Amino acid sequence: MTTSTTTRSAAREPLAGTTVLLPRTENQAVGLARYCLDFLRSPTATGRTTDVGIGRATLDRVEQFHLDSVGCGVSALAHRANAPTVLRREALGTPASAGSRGGICLGSARPCAVEKAVAANASAVREWDSNGTNFGYDAAKGRIAGEFGHNDFYPVAVAAAREAGLDGDATLRVMLLIDEIRGRLAEVFALRKYSIDHVHHGAVACAAAFTAAVGGTVEQIESAIGMVVAHYVPFRAIRAGHQLSDSKGASAALSAEVAVMSARRALAGFLGPRDVFRNPLAIYRLNEPCPNGQSPFDLELGLSGDAFAIHAMHFKLGLYEHQSAGALQAIVDACAASPEVARDLSRIRAIRVKIYEPAYSIIADPAKRTPTTRQSADHSLPFILAKTLLKARAAAAAGHAAGWESLMLLPDDYSDAAIADADVRSLIERITIEHGGVEYDALYPDGIPTSVEIDHDSLGLLGGGLVRYPLGHARSDADQTAAVVALKFDRLVAGAVDDPARLRERLRVAGRRPEEIAELYAFPIHGCDPG
């Protein structure tokens, strides 16, 4: 394990900091364990002299992604979404084990089994598919595996903090640690190539970070990682089929649950497989055979400053599959430039979209032109665009300017009535989507390259320009993104809590005392079972 000072490109300027390299020739599970312990200790405790601290920009970004995720979770529970409700009920019915402080479910102060609370909370924050996203791409370092991932796993950090009595600053470090490990794994190993679900990177990160945060040793962390990799690999079968089920949205939750279970077993003395990244029968070398017993990749991880993967992660500005963000930006821009387009949608003759792979295969699948479930509708580009245009029409009728603020897709836009709306069907019939070819593919995952051309019966052809960095993308305007994300939080939690501004302040992690972090999620949510 070697340490170096490096810089990486982010949205607007290089972000400097110290990194650590785990080479493919060494036991990377042990390397991850040592990295986690080093990361969660102070420089004084480790004797480290190169640590200049984690950058303020990095910590602020963790806070922002965490707050965004909790807003999504509160909304899902208030709407009594099925999977989070089922898993929360299960958690609240499972007492904490002996010797554990237990976990806390969102909206309840009752301690319960820590891994069950983690599953319930992660399911809630993921249910709307509206929290943060990463594309596993760092061109400056040549790490371009391009695996997806999402900021689903903060409940694991909060649960670890409750167990270990950590304060807010330490909890932020655990959150960042999880995002860093899963974000860097996504840059070097593409799980989807082998039909493995991307949440597995998060499970590895959670097993390592949770075990380290609650006082585990190098050997125990290695065992927890080994168990997750050897016993609990989720396949993309959960995402197959014309209509998606609860398993798609709850995938991260179930992987977080088994990660915490594995951590607790390792802490109790269970020995998992060692050196699992170089194990010839584990998912890494099995799928990408390597010479001389190496793993398929080197793994470089941030240690200080702002050299962290979170700076390349993206925000969603509503409920939609992130691959559609470029097309949404094109619609927002077209309606802003030509307000008359939205006033009478019947005058739109055709809408032609060009998009890249893998978006073309994921959200332009012909089966998704007729979604019947929310999980399928929010992965249907035709539905997403049609519903956004209908929101633009409503905004125009109310005298509101077109923009992300007025066209933001929210849970009610995916209700059964919305999915069955005849106006949606009429617009979908006029939408065609084609693969943009190598020209578009070459621009992903650095950007989200999409063009949308609207054929209007009086205005002629509108739009058609290439969108690469829609608002919310890591390379888009940070201040504009932050403003829309804050508005999104307020709209999601409106009606679910008495005072969104007070909840926002309550959820601030930095500077909190351990007892405040232990009860961070124990606030009432209207509409869900009080527990």
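Centroid-to-centroid, using Cα positions, region 211-231 and region 426-475 are 44 Å apart. Under 5 Å between amide hydrogens, built in the peptide plane, is the criterion, and for Tyr356 it picks out Gly436 among residues at least 5 positions away or on other chains. The alpha carbons of region 430-531 stretch over 58, 31, 25 Å along the principal axes, in descending order. Scalar couplings 3J(HN,Hα) for region 403-417, obtained by applying the Karplus form with A = 6.51, B = -1.76, C = 1.60 to θ = phi - 60°, are x, 4, 5, 8, 9, 4, 7, 10, x, 5, 6, 10, 5, 4, 5 Hz; x denotes Gly and Pro.
Each 10 Å bin from zero holds the following percent of Cα-Cα pairs in region 2-312: 7, 29, 38, 22, 4, 0.
Binning the alpha carbon pair distances of region 58-148 at 5 angstrom intervals from zero yields the distribution 3, 14, 18, 17, 16, 13, 9, 5, 4, 1, expressed in whole percent.
One decimal place: the segment Thr217-Ile144 gains 23.1 nm when fully extended, by the rule 0.36 nm per residue minus the C-alpha distance. Using only the Cα atoms of region 129-266, build the gyration tensor, take square roots of its eigenvalues as a ≥ b ≥ c, and label the shape rounded, prolate or oblate: rounded if a/c is under 1.5, else prolate if a/b is larger than b/c, else oblate. Cα axes put region 129-266 in the prolate bin.
Each residue of region 495-503 is assigned a 3J(HN,Hα), and the resulting list reads x, 8, 9, 5, 9, x, 5, 5, 5 Hz, derived from the Karplus form 6.51 cos²θ - 1.76 cosθ + 1.60 (θ = phi - 60°), x at Gly and Pro. Note on region 307-402: the alpha carbon radius of gyration divided by the globular reference 2.2 N^0.38 Å gives 1.18.
When the C-alpha to C-alpha distance is required to be over 20 Å, the pairs from Lys248/Lys391; Lys193/Lys354; Lys248/Lys368 that qualify are Lys248/Lys391; Lys193/Lys354. Across all directions, the average projected area of the convex hull around the alpha carbons of the chain is 22.7 nm². Taking a point 7 Å from the Cα of Leu459 along the Cα-to-Cβ direction, the residues of region 386-414 with backbone N closer than 19 Å to it are 386-408.
P(r) tail for region 247-333: Cα pairs beyond 20 Å make up 68% of the total. So which aspartates and glutamates pass the test for Lys387, namely a Cα distance under 16 Å, with those fewer than 8 places away in the same chain ruled out? Partners within reach: Glu321, Asp333, Asp344, Asp378, Glu405, Asp412, Asp413, Asp416, Asp421, Asp423, Glu429.
Please report the antiparallel percentage of the DSSP beta bridges confined to the chain, to the nearest 5. The antiparallel proportion sits near 80 percent.
A dipole drawn for the chain from +1 and -1 charges on Cβ atoms has a positive end, and of Ser458, Thr19, Ala337 the residue lying farthest that way is Thr19. Amide H to amide H, with H built 1.01 Å from N, His456 comes under 5 Å of Arg349, Leu461, Leu462, counting only residues 5 or more places away or on other chains. Working note: Karplus 6.51/-1.76/1.60 with θ = phi - 60° gives region 293-300 the couplings x, 7, 7, x, 8, 8, 10, 9 Hz, where Gly and Pro are set to x. In this structure the amide hydrogen of Phe270, modeled in the peptide plane, comes within under 5 Å of no amide hydrogen from residues 5 or more places off or on another chain. Helices in the chain, meaning DSSP H runs of at least 4 residues, each add -39500 (n - 2.57). Divided by all residues, the mean residue ellipticity at 222 nm is -14000 deg cm²/dmol.
Given axes a ≥ b ≥ c from the Cα gyration tensor, I'd like to know whether region 323-467 is rounded (a/c under 1.5), prolate (a/b larger than b/c) or oblate. Can you show the working numbers first?
Working: a/c = 1.57, a/b = 1.16, b/c = 1.36.
Judged from the Cα gyration tensor, region 323-467 comes out oblate (a/c at least 1.5, b/c at or above a/b).
Read the figures in this text as sums done on the coordinates, not as results from a lab. Because the structure is predicted, anything quoted here is derived from the model rather than measured. So basically every Cβ, Gly included, is an ideal-geometry build from the backbone, and we count neighbours across all protein chains shown.
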